[in-house]
Structures are given as C-alpha cells and as structure tokens.
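The values are calculated or read from the model by the stated rules, or taken from the named source; none is laboratory data. Since this is a predicted model, take the numbers as computed values, not measurements. With ideal geometry, Cβ positions are generated from the backbone for all residues, glycine too; neighbour counts draw on all protein chains shown.
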Amino acid sequence: MFDLVIVGAGAAGVFAAYEIVRERKDLKVLMLEKGLPLDRRRCPKKGSDRMECGCKSCSIMEGFYGAGGFSDGKYNITNNFGGELHKHIGAEEAMELMWQVDAINLAMGGQDAKLYTTADNELKREALRHDLHLLDAQVRHLGTDRNLVIAQNMYDFLKDRMQIRFSTEVVGIRKEGETFSVETEKGTFQCKKLILATGRTGSKWIEQVCRSFGIRTTSNRVDIGVRVELPALLFKHITDQVYESKIVYRTKKYNDLVRTFCMNPYGEVVSENYGDIVTVNGHSYADPELHTENTNFALLVSHQFTEPFKDSNEYGASIARLSNMLGGGVLMQRFGDLVKGRRSNERRMAKCFTRPTMAATPGDLSLVLPKRQLDDIVEMIHALDKIAPGTANEDTLLYGVEVKFYNSNVAVDGRLETSVPGMFILGDCSGVTHSLSQAAASGIHVARILKGDLAAE
Ligand SMILES: Cc1cc2nc3c(=O)[nH]c(=O)nc-3n(C[C@H](O)[C@H](O)[C@H](O)COP(=O)(O)OP(=O)(O)OC[C@H]3O[C@@H](n4cnc5c(N)ncnc54)[C@H](O)[C@@H]3O)c2cc1C
C-alpha cells in the first residue's frame with residue numbers, strides 16, 4: 001500500500017514528486033512511467049521525417065521528464081498563455097507556483113539560464129503600430145542541453161527518496177472503498193491518493209478513465225498551422241530582446257486570430273511523431289556551438305468548434321494525415337512558391353538561400369491546409385514582415401503541418417481533484433495546462449495539498 005502513486009514522469013508528475021518527497025521522507029511514494037529512463041531515451045528517427053520506428057514508447061514524448069525531456073526548455077512565467085491554471089487556482093497563486101518552479105530549475109542546474117521579459121519594451125510599441133500584439137511574459141530559456149542536465153539532477157534527487165518504475169504503462173484504475181488499485185502489465189499497486197499526469201500522449205487513456213468513473217470531459221479546440229524557418233538575422237532584434245515572442249494578429253479577411261508559437265532562435269525544426277501521424281515542431285540548444293543559422297517558430301490558427309461537432313483533435317489529425325500522405329512525412333514549401341501557387345520541388349529547393357534544418361519533402365501546402373487557415377497564415381506573414389522585414393521573402397520556409405492538439409478538459413476543482421475523492425488529474429492531460437511551467441506548477445500545487453491531506457490522516 002502506497003500513500004501516493006503518481007502516473008507519468010513528465011513535468012507535472014516530477015515536480016509533484018519533488019515537492020512531496022523533499023519534505024516528507026516518511027511517505028511511501030511510487031511513480032509509474034510508460035517510457036524509458038532519461039539515459040535510454042533515443043529516437044531512431046532523429047534527423048529524418050519517416051514515420052515508422054517500431055518503438056514501444058516514443059522517446060521524444062515519453063520517458064523520464066516526459067515531452068519536456070528533449071524540448072527547448074522554455075519556461076514561460078505568465079498566465080497569458082500556456083494553459084488556464086489561473087482559472088482554477090487563482091492568478092496570484094499560479095504566478096507564485098511558476099516562480100517556485102523557476103527557483104527549482106535554477107537550483108537544479110539552470111542558474112546560468114537567462115530570463116527574458118517582454119514588458120515595456122520598444123518592440124511591443126513597434127508591433128502595436130502594425131496591429132500586432134505582443135503578449136506579456138517572462139521566459140527562462142534553459143535550452144535542450146541544460147534542460148537535460150536539470151532532468152538528470154532531478155532524477156538523482158528523487159531516486160533515493162521514492163520508487164520509480166519505467167516501462168510500466170498503467171492500463172486501468174479501480175477504486176474500492178478508500179483504496180485505489182492501479183493496474184499495469186507488471187502487477188497491480190494500491191494507494192490512498194492518486195495523481196494522474198499522463199500528458200498529451202496519455203490523454204486518450206485519461207478520457208477512458210474519466211468515462212469509467214463518470215468524470216465529465218469536454219473537447220472542442222485545435223490549432224493548425226505551419227512552422228516557419230528563416231535566417232536568424234531577420235529576427236535577431238526580437239529574439240535578442242525577448243527570446244520568445246508570442247505575437248497575436250487578427251486577420252482582416254476572416255477576423256481570425258493567428259499567433260506565433262514556440263520560437264526557437266538559432267534552432268532546428270524537428271518532427272513530432274504520434275504513431276499514426278507526423279507533425280512538425282522545433283527546438284534550440286543553449287550551447288552556441290550547437291546553434292544553426294536559422295530561427296524557427298510556428299504560426300497557428302485556433303479553432304473552437306461548436307456543437308454538434310466534438311472531435312476537434314480528429315479534425316487536426318486528418319489534416320496532418322493529408323500532409324503525410326502527400327509528403328511521406330512532413331511537407332516543406334518556400335513562401336515564394338506558395339504565393340505563386342506552385343509546389344516547391346528539388347530543383348527549386350536547390351536554389352533556395354535558406355538552408356532547411358530538417359529533411360522534409362518539398363511540396364505544396366495549399367493541397368493540405370484549408371483555404372481559410374492558409375489565407376490567415378499568408379496574411380500574418382505579411383504582417384510580421386513589417387516588424388521583421390524579410391519574413392515574407394521568397395526563401396522563407398514553411399513546414400506543414402503543425403498541429404496543437406488540446407486534451408479534453410477534465411472537470412477538476414480548485415485542488416485539481418476530480419469528483420472521485422483522492423484522484424487528482426493535472427498537467428497537460430487534464431486540459432488545464434499546455435506548457436512546462438504550468439504543468440510543473442500544477443504538480444507543486446497538488447503536492448502541497450496532498451502533504452496536508454496525508455498529514456491529517
Ligand atoms: C518537441 C517539444 C517541444 C516543446 N517545447 C516546449 C517549451 O519549450 N516550453 C513549454 O512550455 N512547453 C514545451 N512543450 C510542451 C511541454 O513539453 C508540455 O506542455 C509538458 O511536457 C507537459 O507536461 P506533463 O507532465 O503534463 O506531460 P508530459 O510531459 O507529456 O508527461 C507525461 C508522461 O506520462 C507518461 N504516460 C502517459 N500515459 C501513461 C500511462 N498510461 N502509464 C504510465 N505513464 C504514462 C508519458 O510517457 C510521459 O512521460 C514541448 C513539447 C514538445 C513535444
């Protein structure tokens with residue numbers, strides 16, 4: 001019998017575990033993780049966009065430190081984006097928790113990482129003059145390399161204070177009386193309190209759990225777009241100042257909101273494998289030796305569907321499937337070719353001055369993206385060209401498609417507890433967070449509550 005079982009070793013699960021065991025060595029805590037330990041997480045497809053890999057769990061998305069393991073490690077300290085934790089626990093507390101996460105990152109090896117801020121700068125004013133809205137945030141950029149050091153230090157801290165089992169997928173949850181039974185292929189574990197923090201890859205399973213316990217879920221949002229790659233020099237005046245700029249623009253044609261997302265100065269474009277589809281993403285290293293000559297960022301258009309349509313994620317997946325069908329993986333197109341209505345091909349790419357950091361198939365994104373999203377993206381690129389001249393150059397590369405799937409929103413209260421007493425659902429799988437700092441903050445929030453609950457028992 002464990003006091004607490006944590007399912008999922010991503011940011012939410014790891015920070016929850018850290019907050020519990022750093023003070024309460026008397027508690028019996030078990031973490032169950034489907035993926036591999038950090039030092040065994042290797043993607044056999046690195047550098048290519050092929051779909052098949054044969055891995056039992058995806059090392060990019062799963063394993064110790066979850067989807068954040070090989071991420072860029074951008075910890076945005078803000079309630080403006082990255083989730084809606086503040087709506088559940090209050091704006092002040094959410095901010096306090098995100099600063100707490102930041103302090104832990106610094107103590108665990110991130111002390112040299114720079115903190116950038118968007119507040120009160122000239123760029124914001126310049127953007128506004130062109131109807132582009134720069135959202136306020138402070139961001140600590142750890143970089144993929146430093147992020148991995150912190151993850152390893154976190155593991156070293158936890159491993160002697162609790163049990164961590166890898167390659168152990170939880171397949172079912174039962175509750176009898178006050179006791180949870182957590183079922184895996186390797187046996188069943190019992191506990192008094194349960195944290196489910198299975199991230200994006202575990203969101204379908206969370207829906208099943210919710211169905212079986214009668215916990216309400218809702219799902220209606222998906223973001224679709226492309227990843228833009230261009231010479232880092234064009235965005236240097238922005239990225240040097242704020243590193244990651246979240247810029248929102250309302251298109252004149254459709255009144256849709258388009259935003260920049262996940263900006264990676266001197267970074268590389270990578271594929272993101274969901275098993276049956278491949279989408280695109282990006283990251284960058286802190287170590288200047290590993291920098292590329294390009295900056296990449298996503299341009300995303302949000303879709304909030306209304307009744308009766310409920311399967312917003314399937315809508316996004318279908319568009320990704322279409323691009324995979326045409327390109328055998330991720331498609332890539334020069335902006336110049338897109339606006340001229342012609343596909344990019346090997347011959348045109350050979351003359352392209354921007355060197356792609358990912359081996360994707362040259363093609364035609366207009367055959368994949370719905371007209372509305374495509375028009376929105378083209379309009380946004382022209383708008384960005386006003387604050388970063390050159391964005392609309394012929395050789396700006398667009399990779400498609402980038403899809404941000406949103407997990408179903410699970411009905412949880414201010415404690416992030418479900419209607420089943422003792423069962424907490426947090427991090428990205430709850431739909432409450434969509435980012436490292438908010439997922440980690442949700443972990444600390446629940447851990448603080450559980451320290452109190454378990455002490456009272
Ligand atoms: C390439 C990439 C780059 C990113 N860059 C950034 C960034 O710079 N900044 C940012 O804020 N966000 C970034 N993100 C998003 C960020 O990684 C997530 O928001 C964050 O990891 C969510 O944390 P989490 O703990 O909720 O879930 P996850 O990190 O997804 O962790 C969930 C864990 O649960 C495990 N799991 C799932 N199902 C089960 C099961 N049934 N049994 C046992 N274990 C299970 C998974 O294997 C996984 O390890 C990036 C994502 C990707 C993919």
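Quick look at the numbers
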| item | result |
| --- | --- |
| Some residue of the range 372-381 being away from the ligand (no atom under 12 Å from the Cβ), part of a loop (DSSP other than H, G, I, E, B) and not charged (D, E, K, R) | no |
| Filter result for the condition that a residue is touching a strand residue (DSSP E or B) at 6+ places or on another chain (Cβ under 9 Å), at pLDDT 95 or above and within 16 Å of S271 (Cα to Cα), over F353, F297, F335 | F297 |
| Residue that is modelled with the lowest pLDDT [pool: residues in the range 245-276 that are assigned to a loop (DSSP other than H, G, I, E, B) and buried (at least 22 other Cβ atoms within 10 Å of the Cβ)] | S245 |
| Unmet criterion (only one of (1) more than 23 Å from R40 (Cα to Cα); (2) acidic (D, E); (3) surrounded by 13 or more Cβ atoms within 10 Å (Cβ to Cβ)) for E169 | (1) |
| 3 or more residues among the aliphatic types (A, V, I, L, M) and over 16 Å from the mean Cα position of the chain (by Cα): qualifying helices (runs of 4 or more DSSP H) within the range 1-108 | 11-21, 91-105 |
| Filter pass, G54 being among the small types (G, A, S), more than 13 Å from the ligand (Cβ to nearest atom) and modelled with pLDDT of 95 or more | no |
